[in-house]
Structures are given as C-alpha cells and as structure tokens.
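The values are calculated or read from the model by the stated rules, or taken from the named source; none is laboratory data. The structure displayed is predicted, hence computed values, not measured ones. These accessible areas exclude ligands, DNA and RNA; they are computed on the full protein's heavy atoms, side chains included. Shrake-Rupley method; radii C 1.70, N 1.55, O 1.52, S 1.80 Å.
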Amino acid sequence: QVQLVESGGGLVQPGGSLRLSCAASGSIFNIYYMGWYRQAPGKQRDLVAGISRGGTTNYADSVKDRFTISRDNAKNTVYLQMNSLKPEDTAVYYCNIISGFDNYWGQGTQVTVSS
C-alpha cells in the first residue's frame, strides 16, 4: 500500500513564501514523475509543476520564476518552494506521483494567500 503525506500548507500574506513537501511511503519503486497540482473552489485541478526522475522540470506559466519544484529520490519526496505568493495562488495543492503504470495522489493541503 502506498501513502503520500503532504505538509507545509497554511495561511500566508501576499508576497510571502511557503514550502510544500510530499513524502511517498510503502511499496513504491522507480518513481518516474512527481508533480504538484492545485484546485481552487469551483475550478478544475491544474498542473502547477512537475519533475522527472532525471530532474527535468516544467511549470505552469502563472508560477514560473516564483515556484521551484525539487525532489529527493532517496527519500521519495517532492518539494514545492513557493515565493512571492499572490491571492490567486490560493487553492488546495495535491502532489501526484507516477510509478510504473500506477498513479498516486496525496490528500491535499490548503494554501491560502490573504492579508
């Protein structure tokens, strides 16, 4: 059984920073892709950033130059450093891991950007 445990969400003022973490545990091997998605109320879940096992990254245009995704393959953990946060970044953030033919999701962590 595979579990994804997310942490790091919370309330932050505009211009502030947060760092999200997502650790995978259980019978999971050879993680190919790790990513972060977000879903605001009434909207669809969209990709924020992704990173391959080799370190190739991709970002949504709205977060480029503000967010940085990284991973620790030895710990099966993916991180999302979020800087210069804006109110429109408010959403539930979900981590996603693809391992072989399996696709896993975290439970989500709330990020609220408000003064």
Which percent, to the nearest 5, of DSSP beta bridges fully inside the chain are antiparallel?
-> 95 percent
Distance between the range 71-115 and the range 25-47 - C-alpha centres, whole angstrom | 7 Å
Which whole number in µm²/s is D for the chain by Stokes-Einstein, with the Kirkwood Rh taken over Cα pairs at 37 °C and 0.692 mPa s?
-> 233 µm²/s
With all protein chains present, the range 1-94 has a carbon and sulfur share of its accessible area (1.4 Å probe) in percent of 46 percent
